[in-house]
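Read the figures in this text as sums done on the coordinates, not as results from a lab. What you are looking at is a predicted structure, and each value in this text was computed from that prediction instead of being measured. All Cβ positions, glycine included, derive from the backbone under ideal geometry; neighbour counts span all protein chains shown.
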Amino acid sequence: MTYSITEIASILGVSDKNIIPSEISILLVDSRKLSDPEKSLFFALESKNNDAHQFITDLYQSGVRNFVVSKKWKEWAPFSDANFFQVKNPLSALQKIAAHHRRKFDIPVIGITGSNGKTVVKEWLYQLLQDDYNIVRSPRSYNSQIGVPLSVWQLNEQTQIGIFEAGISQPDEMEHLEPVIRPTMGILTNIGKAHQENFESIQQKCMEKLELFTNCEMFVYEEDDKMIDECVNLSVLSQKSFAWSSDNTDAPLYIFKIEKNQFQSIIHYSFLHFNHAFAIPFTDQASIENAIDCLAVMLYLHVSPETISERMKKLEPVAMRLDVRRGKKDCLIINDTYNSDINSIEIALDFQQQRKMDRPLKKTLILSDILQSGISSEALYQEVAGMVQKRGIEKIIGIGKNISENAGAFRVQEKLFFPSTEAFIQSQKWKNFHNELILLKGARAYHFEQINALIEERPHETVMEVDLDAVVHNFNFYKSKLSPEVKLVCMVKANAYGTGAVEVAKTLQYHRCDYLAVAVAEEGIALRNAGISIPTIVLNSEVNGFEELFSNNLEPEVYNFRILESFIKEADRRGVTDYPVHIKIDTGMHRLGFLPEQLPQLVNILQEQKALKVRSVFSHLSASESWIFDDFTGHQIETLKKTAESIQDALGYRIYKHILNSAGIERFPEAQWDMVRLGIGLYGVSASGLPGLKNVCTLKTTILQIKDIPRHETVGYGRKEELNRNARIATIRIGYADGLNRQFGNRKGQVLINGQLASIVGNVCMDLCMVDVTDISAHEGDAVIIFGEDLSVIELADNIGTIPYEILTAISPRVKRIYIKE
Ligand SMILES: *Cc1c(COP(=O)(O)O)cnc(C)c1O
């Protein structure tokens with residue numbers, strides 16, 4: 001749907017006689033997602049860490065002519081052919097427009113909130129209702145103050161039901177989201193501890209979430225959670241509630257029995273005095289609760305129990321995010337083979353578009369028929385072809401009858417069409433993929449996973465997933481703890497603590513990190529070669545290494561006279577002046593650095609040369625995480641402060657001083673000074689146990705074989721462990737050569753399989769190890785988590801008396817890193 005810019009101005013209540021006419025169909029909040037400049041209205045959102053006004057010039061140059069800003073637009077005065085609407089808060093403006101759009105639709109809208117399961121419930125409702133309705137839903141987990149308005153904006157003339165999720169992390173946020181979603185039906189999935197930081201109590205958070213349902217006809221919740229039940233009563237919403245319970249036979253929806261076997265759960269329920277049952281192909285508790293929430297909505301929409309049962313048994317797992325995998329012949333594959341409605345195609349295309357590449361790759365799309373009701377197939381493929389063309393797709397492979405019939409709509413250099421997935425596979429054309437960024441986007445019925453299996457490179461199924469969104473979250477989390485002028489150095493040494501320095505640094509560069517630090521020059525050079533231009537400190541620089549540093553614009557740490565003199569000499573020889581260096585002071589760690597008593601001599605040398613310029617003076621804390629040593633840490637802080645100040649006084653120019661590492665940032669805010677150095681915290685581990693970080697790394701492998709082994713047999717090398725019972729033993733594909741420490745052997749370590757813990761049996765081998773799965777559900781081919789969100793590296797480290805740093809950096813290079821990003 002399009003709006004005239006005049007209509008938008010009147011929604012925003014800004015009057016401007018000189019509006020330059022245009023038609024708006026895209027609300028743009030992320031400059032990277034620009035696809036159709038003329039139709040885009042850009043909102044210059046401001047957050048604590050970012051101010052999007054800085055992107056306006058670029059966007060203008062790309063053709064955007066409509067902007068919602070909060071600042072005076074004098075600096076953009078030359079852009080006289082563009083509309084600038086100045087408002088107090090561009091985010092509120094975005095919400096206002098979306099709320100206005102929402103009011104145009106008199107259709108059922110389902111609003112989902114709660115601590116967990118929102119996205120799964122939303123996707124499942126979509127799976128369960130898509131045969132009956134034309135549905136618009138939030139893309140992935142677009143549930144924030146920004147994501148919700150963008151989701152609702154997708155409502156159009158064909159929409160018959162909207163399904164949107166709302167997430168909040170602060171009091172008063174729901175009051176902004178409710179008018180945007182204005183649900184007629186609601187679901188409260190559950191209330192847990194997530195995002196609790198900003199609420200006084202869990203009740204306060206629950207009450208806030210219930211505000212979403214103020215204007216609902218009905219909402220679903222689980223009555224057995226007494227806290228929620230009380231809040232519902234307090235909120236005077238109980239007359240609208242559609243509660244379900246496993247205890248209360250009087251509940252509107254009474255769940256009287258749940259049977260589970262290895263593959264499915266059968267849920268028996270009683271509704272309006274009749275008993276029914278349905279099965280879902282999941283056995284975990286969360287899935288059961290999510291399915292019951294969906295059940296309630298279906299019953300309310302008068303879907304028959306037979307149809308419910310028919311559809312529930314076909315529920316598919318929800319892929320929460322797009323991931324990028326390495327393909328054969330230098331391809332990269334974005335695998336999105338769960339659905340292919342038009343909204344999700346657009347999101348996937350944007351994802352492909354934003355993927356920054358270190359080498360040019362041809363953009364290829366493999367797309368199945370789109371299963372969508374509402375508009376004619378001709379119009380549908382016209383629209384898709386438009387999206388595809390706008391994003392510069394160079395090759396398209398269409399699979400299915402409808403898309404093949406509409407082949408003419410696609411104006412793309414290279415195009416191929418096949419009636420079915422089998423036909424494509426048999427054509428052998430997939431063997432020609434080379435140096436391409438391939439987006440696989442197909443409806444489930446087309447089984448694109450078969451194509452993926454052919455083109456994905458799988459030398460070794462042990463992978464480490466690195467969540468770049470979590471890195472950004474953690475980066476902003478620490479930034480929010482700093483005074484605004486304090487600079488943040490991100491430590492990407494040791495391949496960014498094992499996560500992959502290039503990918504992490506690219507992400508940090510985009511998010512405007514001030515400084516990076518690496519251990520050795522080679523690491524810095526690798527970053528420069530990958531296009532990272534952020535100022536970068538090299539910690540362990542070496543005598544004679546100046547040329548390398550200089551030619552790559554890397555800034556060395558200088559920690560002794562030998563290095564200092566060698567660098568001065570080499571810089572002089574090349575006629576270099578004022579080359580930035582960072583002076584390290586040893587305040588008690590006794591590793592690298594000048595001792596405070598060497599200060600007079602140091603100052604002397606520095607005063608008598610022009611080659612180097614001291615950019616910062618710093619030191620490293622030896623026990624910042626431990627309160628036992630707080631006196632010692634205080635002494636280190638004091639010593640550095642004095643030393644740095646006297647160097648600055650002697651040299652007569654501004655010099656940064658810094659001492660805090662991650663735990664230091666968490667515990668000694670008074671010593672932030674000019675800069676801080678963030679390491680392990682960026683990767684999701686808080687040394688001082690601070691809550692609020694997101695997990696970044698997940699190390700995963702698979703089960704190769706499972707066997708029943710009788711009691712008294714031994715497992716593995718050296719016959720270290722004799723089984724004291726008949727056991728099921730699974731062999732998993734990870735060993736000490738992958739970085740799994742041998743100390744984890746003989747039940748010192750555990751892994752997670754299908755959410756349950758399994759102990760490592762016997763010695764860890766080079767490429768494999770064995771785990772005990774006697775008591776848990778496990779199958780050959782199942783995924784095994786070595787560490788991640790639910791089994792933290794901190795726990796692993798504790799089990800074998802080491803630290804998370806060692807566990808992370810020990811993961812061997814042969815373990816493939818997979819990067820995850822919304
Ligand atoms: C590694 C390192 C850090 C980061 O330490 P974390 O504990 O990981 O935050 C900071 N400063 C120096 C000098 C380092 O070597």
Query - Cut-off 12 Å between beta-carbons: net charge of the residues surrounding residue 138, Lys and Arg +1, Asp and Glu -1 - result: +2
Query raised in the report: What per residue convex hull volume, in Å³, comes out for the chain when only alpha-carbon positions are used?
Result: 199
Query raised in the report: Order of 597, 405, 259 from fewest to most other C-beta atoms within 10 Å?
Result: 597, 259, 405
Report summary line: With +1 at each Lys and Arg Cβ and -1 at each Asp and Glu Cβ, the charge dipole magnitude of segment 3-93 around its Cα centre, to the nearest 20 debye, comes out at 260
Query raised in the report: Amide H of residue 817: which non-local residues (sequence gap of 5 or more, or other chain) have their own amide H closer than 5 Å, using H built in the peptide plane?
Result: 464
Query raised in the report: So if R0 is 25 Å, what FRET efficiency would residue 589 and residue 561 give, r being the distance between their Cβ atoms, rounded to the nearest 0.05?
Result: 0.85
Query raised in the report: Using a basic spin-label model with each label point 7 Å from the Cα along Cα→Cβ, how many nm lie between residue 789 and residue 572?
Result: 5.9
Query raised in the report: Fewest first, what order do 472, 64 take by the number of other Cβ atoms within 10 Å?
Result: 472, 64
Query - Residue-span extension gain [residue 719 to residue 131] - 0.36 nm each, minus C-alpha spacing - result: 205.9 nm
Query raised in the report: For the residues 512, 817, what sequence is obtained by ranking on other C-beta atoms within 10 Å, fewest first?
Result: 512, 817
Report task. Let me have the 222 nm mean residue ellipticity of the chain computed from DSSP H runs of 4+ only, each contributing -39500 (n - 2.57), with the sum over all residues rounded to the nearest 500. Result -> -8500 deg cm²/dmol
Report summary line: For residue 211, the net charge from surrounding residues (Cβ-Cβ under 14 Å; K, R +1; D, E -1) works out to -1
Query raised in the report: For segment 84-89, in order, what is each residue's ³J(HN,Hα) by Karplus, 6.51 cos²θ - 1.76 cosθ + 1.60 with θ = phi - 60°, in whole Hz (x at glycine and Pro)?
Result: 10, 9, 8, 10, 5, 9
Query raised in the report: Roughly how big is the chain's charge dipole about its Cα centre, with Cβ charges of +1 (Lys, Arg) and -1 (Asp, Glu), in debye to the nearest 20?
Result: 1980
Report task. Could you give the size of the charge dipole of segment 697-816 about its Cα centre, using +1 on the Cβ of each K and R and -1 on the Cβ of each D and E, expressed in debye and rounded to the nearest 20? Result -> 320
Query raised in the report: So in segment 322-457, what percent of DSSP beta bridges are antiparallel if you round to the nearest 5?
Result: 20
Query raised in the report: In nm, what is the difference between 0.36 nm times the number of residues separating residue 540 and residue 630 and their Cα-Cα distance?
Result: 29.7 nm
Query raised in the report: So how far, in whole Å, is the C-alpha centre of segment 205-254 from the one of segment 637-701?
Result: 46
Report summary line: Of all DSSP beta bridges with both partners in the chain, the antiparallel percent, nearest 5, is 40
Query raised in the report: For the pair residue 427 and residue 57, how long in nm is the line joining their label points, each one 7 Å along Cα→Cβ?
Result: 4.7
**Report entry** Projected label distance in nm at residue 15 and residue 258, using a 7 Å step from Cα toward the beta-carbon
**Finding:** 5.9
Requested in this report: Sort by residue number and name the cysteines in the chain that have no neighbouring cysteine Cβ under 4.7 Å.
Outcome: 216, 294, 331, 490, 513, 697, 765, 769
Report summary line: Any helix of the chain counts here only if DSSP assigns it H throughout, its Cα atoms span 15 Å or more along the axis, and its mean Kyte-Doolittle hydropathy is at least -1.0, and such helices are 90-103, 118-129, 285-300, 342-354, 377-390, 468-479, 561-573, 630-651
Query raised in the report: Under a Cβ-Cβ cut-off of 9 Å, what is the net charge of the residues other than residue 223 that fall near it, where Lys and Arg count +1 and Asp and Glu count -1?
Result: -4
Query - Dipole of the chain [Lys/Arg +1, Asp/Glu -1 at C-beta], most positive-end residue of 95, 133, 484 - result: 484
Query raised in the report: Hey, with R₀ at 30 Å, roughly what FRET efficiency would residue 302 and residue 104 work out to, going by the Cβ-Cβ distance, to 0.05?
Result: 0.70
